[in-house]
Ligand code: C2O
Ligand code: CU
């Protein structure tokens, strides 16, 4: 046998080492590439959390350690299209037409936008609590297709508007009808959930205001009820088109006429990707509602800012000062809602050093769920790690250590009280949004909530923070649970909540045209 020359040996060894490094990398790259077509239920890893065993959608048994050996076998399935509002005539019927068009967003400043009925924001929809709402979306010219998602409204799953999960994106020339009961009064918004990071940025959204059933007592108490009686009610959709900040599509301040002593309910809706600090110059205020739910016993606040997460809403109650000046609801320091007599104003103030903390704000009241009933607990740990996302190398968001589309599918059974521990270890904050449910904040970093029950659907989770939230699994479906900094969602910061036995006929992936984020 001829001796192997050292140089050959070196090359062989170098080659083997390179292969040892490259082969796993290539495999990782390959497995990270999302298939051209897949159902969301095939994508992620099912997690059952701790709690009793449920029959799983993917046919595998649940955790044996929690199992009771339920011999009943797989539960009957129901498709997302069967999860709909009751039949019958609707109380509110609208058609909304989406277009891609040029819009003059400020004098002389024309942008490529998406509009609803010719404007951005689209029209504000109004309903009264209990109304059956029926909205038909017509896509006239949005090239990638569009949908409408009802952010914060606990709609039936079939009306959730998520392309590839609850419907196909509505193509140009197509239409789709959404039906839901507006069961909860409050401030909400609608937006496209097809290529949402781009379509929302460019304007495909609008406000939805649900008025309480006449005669309901305000959770705020008698003083708030007195002020609300005859108050001006104003939606304030805040959006940045490029660098242009707007409120209700207006650049600069939005004047709202109110005689001295008259109150205004200002419904701030943050449609951007970053937090919006809101404070009031020239008057005290009350934080009336968070994400559509009234705060119980909200005290008057001076010199504090309310931080509205991306996707979140904050209703502020301000009273036009008695001296004839105005109260300015400052929207991040660029534009304000100015409440007072015509022409009145107040001096703009800087953001106060103090931030209102909903964990301790307001008066305690019955929670609406019993934490002792928690049947199932999940962890939603947000991280960041090197890897491949759909074949692209880089630092990517992870959920419980996994990268999209291999993200968790949290599985619950209808009726369970569910606890979720959201821990953010990713280096940046994330506004977390669960579809179809409101969650109750139990604690932050171990500090128990002690103010008004804090129900939310858009929760800012700062880097290093851990929130314990709880909710009742009372709305069957397959629901997204994602970051509402929409570019983050498009980068894979997405997971899902699935009810036992619910299936979807819709598909995601490059070949389908459905791209929810
Ligand atoms: Cu406002 Cu999943 O969205
Ligand atoms: Cu995020």
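The values are calculated or read from the model by the stated rules, or taken from the named source; none is laboratory data. Here the structure is a predicted model, which means the values were calculated and not measured. When we count neighbours, we look across all protein chains shown, and the Cβ atoms used for this are built from the backbone with ideal geometry, even at glycine.
Need the failing condition index for residue 169 against (1) away from ligand 2 (no atom under 16 Å from the Cβ); (2) crowded, with 24+ Cβ neighbours inside 10 Å; (3) under 19 Å from residue 125 (Cβ atoms), just the number.
Condition not satisfied by residue 169: (3).
Can you pull out every residue in region 360-373 that is surrounded by fewer than 17 Cβ atoms within 10 Å (Cβ to Cβ) and either part of a strand (DSSP E or B) or touching a residue at least 40 places away in the same chain (Cβ under 8 Å) (or both)?
Passing the criteria: 360, 363, 364, 365, 366, 367, 368, 370, 371, 373.
Search region 286-322 for residues being in a strand (DSSP E or B) and over 30 Å from residue 436 (Cα atoms), and hand back the single one that is farthest from ligand 1 (Cβ to nearest atom).
319
Mind counting the residues in region 389-414 that are under 23 Å from residue 292 (Cβ atoms) and surrounded by fewer than 21 Cβ atoms within 10 Å (Cβ to Cβ)?
Within region 389-414, residues that are under 23 Å from residue 292 (Cβ atoms) and surrounded by fewer than 21 Cβ atoms within 10 Å (Cβ to Cβ) number 1.
Could you please let me know if residue 394 is in contact with a strand residue (DSSP E or B) (Cβ under 8 Å, 6 or more places away or on another chain), free of Cβ contacts under 8 Å to residues at least 40 places away in the same chain and away from ligand 2 (no atom under 13 Å from the Cβ)?
Against the criterion (in contact with a strand residue (DSSP E or B) (Cβ under 8 Å, 6 or more places away or on another chain), free of Cβ contacts under 8 Å to residues at least 40 places away in the same chain and away from ligand 2 (no atom under 13 Å from the Cβ)), residue 394 qualifies.
Would you tally the residues in region 258-285 being assigned to a loop (DSSP other than H, G, I, E, B) and under 17 Å from the mean Cα position of the chain (by Cα)?
Going through region 258-285 one residue at a time, the tally reaches 5.
Among what's in region 436-460 and is within 16 Å of ligand 1 (Cβ to nearest atom) and in a strand (DSSP E or B), pick the residue that is nearest to residue 161 (Cα to Cα).
First, pick out the residues of region 436-460 that are within 16 Å of ligand 1 (Cβ to nearest atom): 436-439, 456-460.
Now drop any that are not in a strand (DSSP E or B), which leaves 439, 456, 458-460.
On the way: 439: 20, 456: 20, 458: 17, 459: 21, 460: 23 Å.
Going through the qualifying residues, I end up with 458.
Give the residue that is nearest to ligand 1 (Cβ to nearest atom), with candidates limited to residues of region 472-497 that are surrounded by fewer than 24 Cβ atoms within 10 Å (Cβ to Cβ), under 20 Å from residue 439 (Cα atoms) and over 13 Å from the mean Cα position of the chain (by Cα).
475
For the list (1) within 22 Å of residue 82 (Cα to Cα); (2) touching a residue at least 40 places away in the same chain (Cβ under 8 Å); (3) buried (at least 21 other Cβ atoms within 10 Å of the Cβ), I need the number of the one condition that residue 161 fails.
Failed condition: (2).
For region 383-407, give me each residue that is outside any loop (DSSP other than H, G, I, E, B) and within 16 Å of ligand 1 (Cβ to nearest atom).
Answer for region 383-407, where residues must be outside any loop (DSSP other than H, G, I, E, B) and within 16 Å of ligand 1 (Cβ to nearest atom): 397, 399.
From the list 433, 482, which one is part of a strand (DSSP E or B), closer than 19 Å to residue 199 by Cα and without any contact (Cβ under 8 Å) to a residue 60 or more places away in the chain?
Numbers: 433 fails: without any contact (Cβ under 8 Å) to a residue 60 or more places away in the chain.
That would be 482, the only listed residue that is part of a strand (DSSP E or B), closer than 19 Å to residue 199 by Cα and without any contact (Cβ under 8 Å) to a residue 60 or more places away in the chain.
May I ask you to list the residues in region 182-227 that are surrounded by fewer than 20 Cβ atoms within 10 Å (Cβ to Cβ) and assigned to a strand (DSSP E or B)?
Hit for region 182-227 is 211, nothing else.
Return yes when residue 88 is in a loop (DSSP other than H, G, I, E, B) and at pLDDT 75 or above and no when it is not.
When the stated conditions are applied, residue 88 passes them.
Hey, can you tell me all the residues within region 408-430 that are within 24 Å of residue 503 (Cα to Cα) and not in a strand (DSSP E or B)?
Listed by number, the residues that qualify are 413, 414, 415, 416.
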